[in-house]
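K.L.:
What follows is a single structure, and I will ask about it in a moment.
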Amino acid sequence: MEQSSVSFIQKDNSIVAPTYAKADLDFVRGEGSWLFTNQGAKYLDFVSGIAVNALGHCHPAIVSAINAQTNSFLHISNLYPNAPQLGLGKKMLEVTGLAEQGGKVFFCNSGTEANEGALKFARKYFDRLEKPHKTGVVTFWNSFHGRTYGALAATGQEGLKQGFGPMPQGFVHVPWNDVAALKAVVNHATCAIMLEPIAAEGGIMTPTAEFVQAINALKAEFGCLVIVDEIQTGLGRCGAIEGAKKYGIQADISTWAKAIGGGLPLGVVLLSKAVADQLKPGDHGTTFGGNPVACAAGLAVVNTISAPGFMESVQERSEQLKQGLKALASIYNWLGELRGDGLLMGIVTKKPVADLVAGCRAQGLLAHRAGADVLRLLPPLTVSAEEIDLALAKIDAACANLAK
Ligand SMILES: *Cc1c(COP(=O)(O)O)cnc(C)c1O
């Protein structure tokens, strides 16, 4: 028997490598927008496993799709086609409009892996077109694309790279929404401009219309590709299936993860026909990528999110959350700018964001941070109007305590 004087977090610290700052919570069950602890406390979950649990916890459509697939096979490798991959792949190509253009899908296991794939496919594309000089990748300050080397090199946050050098070559970063800086670095050696439709981790930064216009114009002028990282924004999080479409970014390659596996690890790279046509067997691969159980769960997710009326309800909840946060910002003068779109919302705080996150947790609300000073709210896309009101009341109480 474990001694009761040892907390769950102490146990974790004695076993798991210390790469995360975790809260001392012992969750044993999740249902819808709620998580329940071993001690019987319940928390309204506006973190959603960092935008993974788009349909909340244990959504019946996901659970039943997983159960059904576990009765067939769990894994057969990518040496053989399988129905769950074909089902999810077809649906993703349909909901993004790529099906009619002859686009293709590549499956992997995570966000960072999807971005590694995207970067490799982009460079391979120009190599096959006998333009091997086109290797440069332009990304943005405060962007986040993942923790493996290619994706980390693409990421525009020096702190995350500190001590891990040397980085892969050919990446340059310019300030977000800075058209002049972008124009100064894109040229005939540019392989791709890579961006998030909303730079979420970096502080929930939305793109201006001029910025998007410049990206599309540079793509046309220099014939580079545009890689859109939809890992956090995609599948309804920003209020649309695709952030790229919502803001008018012309993507050649897009990357998807987080919500797409319904809680199981899954990543997807969507490719234009032109890029897909240049790929050959052996160019890239993964043993686990597109796991059949994860793909079965993924189809349930995409079916649910793309069903009539779903996105309208996300928009309604988004509007409700925005209005509520605005009202709070008018009460607490240390709360500032409202950021984001859909149900990827944030509010700038002049008080330490870690204190606000902890304060919300003390009220029974799980929230997260973004950048240095933004409280990030990622409710499940299935969140109810009552749950939004409840969360706002909890944030209000947390703010009132902090203001004392
Ligand atoms: C989370 C995230 C990633 C990395 O995904 P992992 O699955 O953690 O590797 C990449 N890009 C964006 C925009 C993300 O939000």
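K.L.:
Quick one: length gained pulling Asp12 to Phe288 fully straight, 0.36 nm per residue minus the C-alpha distance?
P.N.:
Values: separation 276, 0.36 × 276 = 99.36 nm, distance 2.73 nm.
Separation in residues times 0.36 nm, less the Cα-Cα distance, equals 96.6 nm.
K.L.:
Convert each backbone phi in segment 209-215 into a coupling constant with the Karplus relation 6.51 cos²θ - 1.76 cosθ + 1.60 (shift: θ = phi - 60°), then list the ³J(HN,Hα) values in order as whole Hz, x for Gly and Pro.
P.N.:
4, 5, 5, 4, 4, 5, 4
K.L.:
Related question: With only Lys, Arg, Asp and Glu charged, each at its Cβ (+1 for the first two, -1 for the last two), find how big the charge dipole of the chain is about the Cα centre; round to the nearest 20 debye.
P.N.:
Charge dipole, the chain, about its Cα centre: 440 debye, nearest 20.
K.L.:
What do you get for the angle between helix 292-305 and the principal long axis of the chain? Use alpha-carbon atoms, 0 to 90 degrees, nearest ten.
P.N.:
With rounding to tens, the tilt is 70 degrees.
K.L.:
Hey, another quick one. Extent of segment 289-404 along each principal axis, from alpha carbon coordinates, in Å, largest to smallest?
P.N.:
On the principal axes, segment 289-404 reaches 51, 30, 23 Å in Cα extent.
K.L.:
Given a Förster distance of 41 angstrom, what is the FRET efficiency for Glu337 paired with Ala99, based on the Cβ-Cβ distance and rounded to 0.05?
P.N.:
0.60
K.L.:
Suppose we keep just the DSSP beta bridges with both residues in the chain; what percent of those would be antiparallel, to 5? All intermediate terms of the calculation are to be shown ahead of the outcome.
P.N.:
Numbers: 30 of 47 bridges.
Looking only at bridges with both residues in the chain, the antiparallel portion is about 65 percent.
K.L.:
Taking the square root of 5 times each eigenvalue of the Cα gyration tensor, what semi-axes in Å does the equivalent ellipsoid of the chain have, largest first?
P.N.:
They are 34, 26, 21 Å, listed largest first.
K.L.:
Scan segment 21-112 for chymotrypsin sites (Phe, Trp or Tyr not before Pro) in coil per DSSP, keeping those whose Cβ has at most 13 other Cβ atoms within 10 Å, and list them by number.
P.N.:
Phe73
K.L.:
Another question, then. For Lys11, which lysines qualify as cross-link partners when the Cα separation must be under 23 Å and same-chain residues fewer than eight apart are set aside?
P.N.:
Within the straight-line limit of under 23 Å, Lys11 reaches these lysines: Lys22, Lys42.
K.L.:
Grab the Cα-Cα distance for His133 and Asp389, subtract it from 0.36 nm times how many residues apart they are, and report the gain in nm with one decimal. All intermediate terms of the calculation are to be shown ahead of the outcome.
P.N.:
On the way: separation 256, 0.36 × 256 = 92.16 nm, distance 5.43 nm.
Working it through step by step, the gained length comes to 86.7 nm.
K.L.:
With N residues in segment 142-255, what two-decimal value do you get for its Cα radius of gyration over 2.2 N^0.38 Å?
P.N.:
Relative to the 2.2 N^0.38 Å estimate, segment 142-255 comes out at 1.02.
K.L.:
Pairs Lys104/Lys161; Lys124/Lys258; Lys90/Lys134; Lys161/Lys273: which exceed 29 Å Cα-Cα? Can you show the working numbers first?
P.N.:
Details: Lys104/Lys161 32 Å; Lys124/Lys258 26 Å; Lys90/Lys134 31 Å; Lys161/Lys273 34 Å.
Exceeds cut-off: Lys104/Lys161; Lys90/Lys134; Lys161/Lys273.
K.L.:
Between Tyr20 and Ser313, what length comes free when the chain is fully extended (0.36 nm per residue of separation minus the Cα-Cα distance, one decimal in nm)? It would help to have the intermediate numbers written out before the result.
P.N.:
On the way: separation 293, 0.36 × 293 = 105.48 nm, distance 3.39 nm.
Fully extending the segment from Tyr20 to Ser313 adds 102.1 nm.
K.L.:
A further question follows. Excluding ligands and nucleic acids, what accessible area in Å² is computed for Glu130 using a 1.4 Å probe, to the nearest 10?
P.N.:
Here the accessible area works out near 150 Å².
K.L.:
Another one. In terms of solvent-accessible area of protein heavy atoms at a 1.4 angstrom probe, what is the ranking of His188, His284, His75, highest value first? Spell out each step's value before the answer.
P.N.:
Values: His188 115, His284 55, His75 85 Å².
Descending order: His188, His75, His284.
K.L.:
While we're on this one: Please give the helix 60-70 orientation as an angle from the longest Cα principal axis of the chain, in degrees from 0 to 90, rounded to the nearest 10.
P.N.:
Around 60 degrees separate the two axes.
K.L.:
With N denoting the number of residues in segment 1-99, provide Rg(C-alpha) divided by 2.2 N^0.38 Å, to two decimal places.
P.N.:
Expressed relative to 2.2 N^0.38 Å, the Cα Rg reads 1.50.
K.L.:
Here's another thing I want to ask about it. Averaging over every viewing direction, what projected area does the convex hull of the Cα atoms of segment 61-180 cover, in nm²?
P.N.:
Mean projected area for segment 61-180: 11.3 nm², to one decimal.
K.L.:
Using amide H atoms built 1.01 Å from N in the peptide plane, name the residues 5+ places from Thr155, or on other chains, whose amide H lies under 5 Å from its own.
P.N.:
Those qualifying (amide H under 5 Å, at least 5 residues apart or on another chain) are His145.
K.L.:
Is it possible to state the helix-based mean residue ellipticity at 222 nm for the chain, with each DSSP H run of 4+ residues giving -39500 (n - 2.57), the sum divided by total residues, to the nearest 500 deg cm²/dmol? What is it? Could you put the intermediate results ahead of the total?
P.N.:
Values: 15 runs with 159 residues, N = 404.
Calculated from helices alone, the mean residue ellipticity at 222 nm is -12000 deg cm²/dmol.
K.L.:
For Gly170, what residues show an amide H to amide H distance below 5 Å, using hydrogens built from the backbone and excluding near sequence neighbours?
P.N.:
Long-range HN contacts for Gly170: none found.
K.L.:
With a 1.4 Å probe and every protein chain kept in, tell me what percent of the accessible surface of the chain is carbon plus sulfur.
P.N.:
That share works out to 56 percent.
K.L.:
When the chain is modelled as a GNM with alpha-carbon springs shorter than 10 Å, which of Gly298, Gly248, Gly146 fluctuates the most?
P.N.:
Residue with maximal mean-square fluctuation among Gly298, Gly248, Gly146: Gly248.
K.L.:
Over segment 57-170, give the accessible area per residue in Å² for a 1.4 Å probe, as an integer.
P.N.:
About 52 Å² of surface per residue is accessible.
The values are calculated or read from the model by the stated rules, or taken from the named source; none is laboratory data. Everything numeric in this text was worked out from a predicted model, so none of it was measured. Heads up, the Cβs are rebuilt from the backbone with ideal geometry, glycines too, and the neighbour counts pull from every protein chain shown. The protein model used for the area step is the full one, side chains on, heavy atoms only, and it has no ligands, DNA or RNA in it. Shrake-Rupley method; radii C 1.70, N 1.55, O 1.52, S 1.80 Å.
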